[in-house]
Amino acid sequence: MDLPMVAHKEQRRPSLKAKAVDQLVQDGEGEEQALYVLEGATGMRISEALALEAKHFVNEGRTIEIRQQVDRDRPRIVPYLKTDASHHDVDLSKEIAEYLRAFVDGRDGLLFKTRNGTPCLHNNLEARWLTPRLEAMNFDEKGIGWHAFRRYRKT
């Protein structure tokens, strides 16, 4: 095949490397750690991950049904996704399913929510969790954000 070589430093939207994702998971706790595991293992859009409820985990926790997302600018759940093809199911490995099942166990409603029960906004979590961790790891570069987990999963 006559495909171009990919130079990571020349990418406008770089992806996370396995070492960085491992470090994020190790350093995170609670909801933050669960979100890093979920994003790294599934490559879901952050708006879809933040809209997850316990009822979306089926097949003994081995499958996640993607059916809703958090609105981009307001803390509310919307019943549509970015594209028609976004309605899909995500299969999980046994280990990830067990980890997430333990996280989900006993939770009702949204898995990632604010103190008053509204969905978290991705920009707030990026500023509070992701960016400071990446800066501490000397890995923060232009274009690194939640979408880097999608690119990490694809690569």
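Some values worked out for this structure:
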item: Packing-based ranking, highest mean first, of 15-26, 38-49 given that Cβ atoms within 10 Å are counted; result: 38-49, 15-26
item: The chain - percent of accessible surface contributed by carbon and sulfur, probe 1.4 Å; result: 46 percent
item: Proximal aspartates and glutamates relative to LYS17, as straight alpha-carbon distance under 19 Å, when same-chain residues fewer than 8 apart are discounted; result: ASP27, GLU32, GLU39, GLU126, GLU135, ASP140, GLU141
item: Filter on LYS55/LYS113; LYS19/LYS142; LYS55/LYS142; LYS19/LYS94 - keep pairs with C-alpha separation over 26 Å; result: LYS55/LYS142
item: Matching label, Cα Rg over 2.2 N^0.38 Å computed from the structure shown, candidates (1) 1.05; (2) 1.48; (3) 1.37; result: (1)
item: Span per principal axis, largest first, for the Cα atoms of the range 12-103 (Å); result: 38, 34, 23
item: Probe 1.4 Å, accessible area per residue of the chain, Å²; result: 62 Å²
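The values are calculated or read from the model by the stated rules, or taken from the named source; none is laboratory data. Not measured: the values here are computed from a predicted model. Don't worry about glycine lacking a Cβ; one is built from the backbone with ideal geometry, like all the others, and counts go over all protein chains shown. Areas reflect the complete protein model, heavy atoms only, side chains present, ligands, DNA and RNA absent. Shrake-Rupley method; radii C 1.70, N 1.55, O 1.52, S 1.80 Å.
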